[in-house]
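The values are calculated or read from the model by the stated rules, or taken from the named source; none is laboratory data. All figures in this text were calculated on a predicted structure; none of them were measured in a lab. For neighbour counting, all protein chains shown are included, and Cβ atoms are generated from backbone atoms with ideal geometry for every residue, glycine included. Ligands, DNA and RNA are excluded from the accessible area calculation, which covers all protein heavy atoms including side chains. Shrake-Rupley method; radii C 1.70, N 1.55, O 1.52, S 1.80 Å.
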Amino acid sequence: MASFRRTLSPAFHDRHHHNGVVSISSPSHKLFSPNNSKYTFPLQSLFTRVAGAFSRRYGRKSQFRKTLFRCLLFFFVGFLLGMFPFSHVAVDEDIKITPPRATINNNIKAQLPPEDVTGFTIDPLSLTVENHNSEAVTNFRFDFVPRKQLIVVTPTYNRAFQAYFLNRLGQVLRLVPPPVLWIVVEMYPASTETAELLRKTGVMYRHLGCTKSYTDVKDREVHQRNTALEHIENHRLNGIVYFADDDNIYSLELFETMRHISGFGTWPVAMLAPSKNKVILEGPVCNGSQVIGWHTNETSKKFRRFHVDMSGYAFNSTTLWDPKTWRRPTSNPIRQLDTVKEGFQETTFIEQLVEDESHMEGSPPGCSKVMNWHLHLDSHNVVYPKGWLLPKNLDAVIPAK
Ligand code: UDP
Ligand code: MN
């Protein structure tokens, strides 16, 4: 620890000690008087002579001489004491005084190009960021590209491959640049297993339960999608709405393309023929962005107005809650219908959104890319443990060699 030690000056012998406190009394005027031989010391005679010579030369009075003498004396004594190693501070070797450490926020580092990061130094004492490359930083644009929000609606239900399908879709959505809102709808009550899975995907999501009674519902997924539509409408969510079934296969390019849709966009979807031995296409034939025809294979569905798969279109959410902007004929809520025959679900829904092909955008222009696949591979006969948990470990355990 620091200690302060002071050597005693030979000039101060007249110390008085009271209650252990050392008091140093100031020297009297007589102390350095030239007539007081008791306190005379060699320096004094020197000063006397210097002062005497000075006063003689300028013819000053004795009072002036005394004052000058004292000034010079005190100055000289002070000067000598200052030169002398009069005191010292003992510093403990173990104590190292280091300046506080400063770190650059990782986000700032991530946002800056490498050459700009090297252009920064941090002054550890003042903690101010010094920029050696100010022009480059001023011109640097942060990644604030405004992107349209994608609202992905997925109906799902408990079955053997549910966890596999939801995880797979969740991982794809995680790779889509934000903002992406994933609305996952189950029949009420929504399961805790699905909730936990959604939490772990890292995607922004809403987990809803469809309250339609189980018994009177024919096409549950239709009502589950309607629950999501109601939610979007009530909360006036803004974005491009896309119905993504949990079991389909999606490319990242699909979600990128969707962001270019302004009102209603459609594209061809690859699917397996019912025989499962060939791939067929369903969706628009385009001239640029203009829809001029349809790919279709199933004769049973040839009376549909629009030949689009549920995963082959997306639309602006404002169509749902802002009918004036889109000049919708009625302000009735846009919903999927459970009264239509199989295969007509998509067309009856799209007919509420757009009048005809002239209001559709072929996406991407030319519609010549397959960006997602609807393969109907879901197996309904596979058993799976309830709650996706095995009740106990496997019986056979093979020890490691
Ligand atoms: N689905 C659902 N509840 C059901 C049946 C289906 O939530 O009772 C969901 C399913 O998880 C999928 C979508 O609805 O996301 C379409 O179902 P499916 O794959 O069976 O239909 P398909 O592909 O044959 O049209
Ligand atoms: Mn399916």
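Numbers for the structure displayed
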item	result
Some residue of the range 265-274 being open to solvent by 60 Å² or more (accessible area, probe 1.4 Å) and modelled with pLDDT under 95	yes
Residue list for the range 379-400, filter: at pLDDT 70 or above and hydrophobic (A, V, I, L, M, F, W, C)	Val382, Val383, Trp388, Leu389, Ala396, Val397, Ile398, Ala400
Unique match (being of a type in the set (Gly, Ala, Ser), touching a strand residue (DSSP E or B) at 6+ places or on another chain (Cβ under 7 Å) and surrounded by 12 or more Cβ atoms within 10 Å (Cβ to Cβ)) among Gly362, Gly343	Gly362
Enumerated strands (runs of 3 or more DSSP E) restricted to the range 237-291, each holding at least 2 residues that are in contact (Cβ under 8 Å) with a residue 12 or more places away in the chain and of a type outside the set (A, V, I, L, M)	240-243, 264-266, 279-287
The range 282-332 - residue that is open to solvent by 20 Å² or more (accessible area, probe 1.4 Å) and charged (D, E, K, R) and, of those, nearest to the chain's Cα centre (by Cα)	Asp322
Output for the range 296-310, where each listed residue is under 21 Å from Tyr242 (Cβ atoms) and not in a loop (DSSP other than H, G, I, E, B)	none
Within the range 226-242, tally of residues that are open to solvent by less than 30 Å² (accessible area, probe 1.4 Å) and in contact with a Pro (Cβ under 7 Å, 6 or more places away or on another chain)	0
The range 381-401, residues that are part of a loop (DSSP other than H, G, I, E, B) and either surrounded by 11 or more Cβ atoms within 10 Å (Cβ to Cβ) or within 16 Å of ligand 2 (Cβ to nearest atom) (or both)	Asn381, Val382, Tyr384
Residues of the range 161-182 classified as more than 14 Å from ligand 2 (Cβ to nearest atom) and farther than 25 Å from Asn238 by Cβ, total	3
Yes/no for Leu337 being within 16 Å of ligand 1 (Cβ to nearest atom), aliphatic (A, V, I, L, M), in contact (Cβ under 8 Å) with a residue 24 or more places away in the chain and open to solvent by 90 Å² or more (accessible area, probe 1.4 Å)	no
Yes/no for Asp378 being in a loop (DSSP other than H, G, I, E, B), within 16 Å of ligand 2 (Cβ to nearest atom) and surrounded by 13 or more Cβ atoms within 10 Å (Cβ to Cβ)	yes
Some residue of the range 243-253 being surrounded by 22 or more Cβ atoms within 10 Å (Cβ to Cβ), among the aromatic types (Phe, Trp, Tyr) and within 16 Å of ligand 1 (Cβ to nearest atom)	yes
Sole residue being assigned by TED's automatic domain parsing to the domain that holds Tyr164 and touching a residue at least 60 places away in the same chain (Cβ under 8 Å), chosen from Glu355, Glu346, Glu361, Glu298	Glu361
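Yes or no, residue by residue, for (1) under 30 Å from Asn238 (Cβ atoms); (2) at pLDDT 90 or above:
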residue: Ile95; (1), (2): no, no
residue: Arg101; (1), (2): no, no
residue: Asn105; (1), (2): no, no
residue: Pro113; (1), (2): no, no
residue: Ser126; (1), (2): no, no
residue: Thr156; (1), (2): yes, yes
residue: Glu193; (1), (2): no, yes
